[in-house]
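Engineer: There's a structure below that I have some questions on.
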């Protein structure tokens with residue numbers, strides 16, 4: 001059972017779904033705040049700290065994808081998108097703007113809880129990760145405790161839980177090709193994962209953050225038909 005201090009914010013306009021999710025999560029030991037609109041979500045975020053966001057795409061006042069993009073621009077808090085939309089394009093759109101997971105309604109509340117626990121574990125790090133504060137990635141340094149990158153110019157760039165997990169998996173296997181399936185396993189997803197394309201999306205975001213030319217990448221290289229390879233750069 002999770003610690004009761006863990007705060008989940010549910011943004012869902014269907015009152016029945018909102019009530020069911022709230023009851024289930026509270027019974028599982030979470031502190032829960034539930035609202036029905038993007039406007040109400042922003043008001044909560046002005047005053048409260050949250051640990052994870054459950055965001056419905058079909059909101060009455062704003063498009064859910066736009067809300068997720070705005071949220072990710074301000075916070076590194078894990079996001080799980082909840083939606084009745086089944087289109088693959090909607091999944092990719094959510095992942096491309098930084099959502100960490102995606103659940104299509106109807107879903108098993110127990111699966112949702114497992115996904116929440118997995119995301120929180122990744123975002124907080126494990127004891128083994130905490131033993132080492134950082135990893136050198138050529139001229140870039142990966143800060144394991146802060147889940148961020150320190151660039152050569154000293155600038156710090158935050159990572160989402162998915163970006164962090166994929167980058168750590170690659171960095172721990174330098175000059176070794178990792179398949180998309182291997183990297184999906186690194187995300188510790190359960191149930192119906194969005195598919196291999198999610199790895200391509202996350203790698204694309206990582207390349208931008210580390211300054212790896214997407215047209216001619218030198219740090220995270222694509223191995224056609226198989227996966228990706230991390231090639232340590234020069235310090």
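The values are calculated or read from the model by the stated rules, or taken from the named source; none is laboratory data. Small disclaimer: the values here were computed from a predicted structure and weren't measured. No Cβ is skipped: glycine too gets one built from the backbone with ideal geometry, and neighbour counts run over all protein chains shown.
Engineer: Show the residue pairs that are 6+ apart or on different chains and have beta-carbon atoms under 7 Å apart, the first residue being within region 10-28 and in the same structural domain as residue 39 (by TED's automatic domain parsing), the second being loosely packed, with under 14 Cβ neighbours inside 10 Å.
Structural biologist: So the pair list comes out as 13/60; 28/1.
Engineer: So, in region 192-221, how many residues would count as being at pLDDT 80 or above, closer than 22 Å to residue 93 by Cβ and part of a loop (DSSP other than H, G, I, E, B)?
Structural biologist: The number of residues fulfilling the criteria is 1.
Engineer: How about region 161-177: which of its residues are at pLDDT 85 or above and outside any helix (DSSP H, G or I)?
Structural biologist: 175, 176, 177, listed by residue number.
Engineer: Residue 189 fails exactly one of the following numbered conditions: (1) under 14 Å from residue 100 (Cα atoms); (2) modelled with pLDDT of 80 or more; (3) not assigned by TED's automatic domain parsing to the domain that holds residue 74. What is the number of that condition?
Structural biologist: Status for residue 189: all satisfied but (2).
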